[in-house]
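**Q** This structure is in structure tokens; I'll ask about it shortly.
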Amino acid sequence: MRTIFKGKKYADYYTFYLQDQASKQDYDLLWNDDSSTKMLAVGEQLIGIGTKRYEFVPVNIKLYEKAPLFKPESCEKANECSLHISSTAVLGSVISGFVTLDLPLGIYRARILYKNLSTVENDWKGKDSYWIQLWAEESLLGIKHLK
């Protein structure tokens, strides 16, 4: 296991993105009532992660050799989806910008764990955090809402 990112990212419009820098996806086309409720929008070479706050939120991304054991008790919500990185992986948001990640090219499975969502009192205060577990896959797979 290797840490790819650990820090805070600004969640513009209650969202941040993990994506291929080359993606031309229109973010607005990804979000609808269903994706907003599930706090996940998946597009061409990108993942939109919904948040409970319009604020800086803790984000932790780790790369694993294989799928880590899923522990439902470790989070309040969990989703899985695929991500294809063909150029440079970036993390960020529409207004505040993106940072480059040291992630090899390839196809990944991403498990997003949403923790402490119930601690959010308003749009700015809370102890919510967002953990992304990545591992290599041979092909793109569908979205799974685990919890």
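**Q** Go ahead and collect, in residue order, the members of the range 1-28 whose backbone nitrogen is under 17 Å from a label point 7 Å along the Cα-Cβ direction of ILE95.
**A** 9-17, 27-28
**Q** From the cross-link list LYS24/LYS125; LYS6/LYS66; LYS24/LYS115; LYS24/LYS66; LYS24/LYS62, which pairs have alpha carbons spaced over 27 Å apart?
**A** In this structure, LYS24/LYS125; LYS24/LYS115; LYS24/LYS66 lie more than 27 Å apart at Cα.
**Q** While we're here: What does a probe at SER87 reach in the range 100-126, counting residues whose amide N is under 19 Å from the point 7 Å along Cα→Cβ?
**A** What the label zone holds, given the 19 Å backbone N cut-off, is 100-108.
**Q** Let me ask something additional. Rounded to the nearest 500 deg cm²/dmol, what is the calculated helix-only ellipticity per residue at 222 nm for the chain, with -39500 (n - 2.57) per DSSP H run of length n ≥ 4?
**A** -1000 deg cm²/dmol
**Q** Percent relative contact order of the chain, based on C-alpha pairs within less than 8 angstrom and at least six residues apart? It would help to have the intermediate numbers written out before the result.
**A** Numbers: 354 pairs, mean separation 43.5, N = 147.
Averaging sequence separation for qualifying contacts and normalising by length gives 30 percent for the chain.
**Q** DSSP loop trypsin sites (Lys or Arg not before Pro) in the range 1-107 with at most 15 other Cβ atoms within 10 Å of their Cβ, which ones?
**A** Passing both the DSSP loop test and the Cβ count: LYS24, LYS66.
**Q** So how far, in whole Å, is the C-alpha centre of the range 71-147 from the one of the range 18-53?
**A** If you average the Cα positions of each part, the centres end up 11 Å apart.
**Q** When DSSP beta bridges are limited to those with both residues in the range 40-147, what percentage is antiparallel, rounded to the nearest 5?
**A** Around 80 percent of the beta bridges assigned by DSSP in the range 40-147 are antiparallel ones.
**Q** Moving on. Rounded, prolate or oblate: which fits the range 31-110, taking a ≥ b ≥ c as square roots of the Cα gyration tensor eigenvalues, rounded meaning a/c under 1.5, else prolate when a/b beats b/c?
**A** Values: a/c = 1.44, a/b = 1.07, b/c = 1.35.
Here the range 31-110 falls in the rounded category.
A short reminder: the numbers here are calculations on the coordinates, not readings from a lab. Model, not experiment: these values are computed from the prediction. Here the Cβ is made from the backbone with ideal geometry for all residues, glycine too, and neighbour counts use every protein chain on show.
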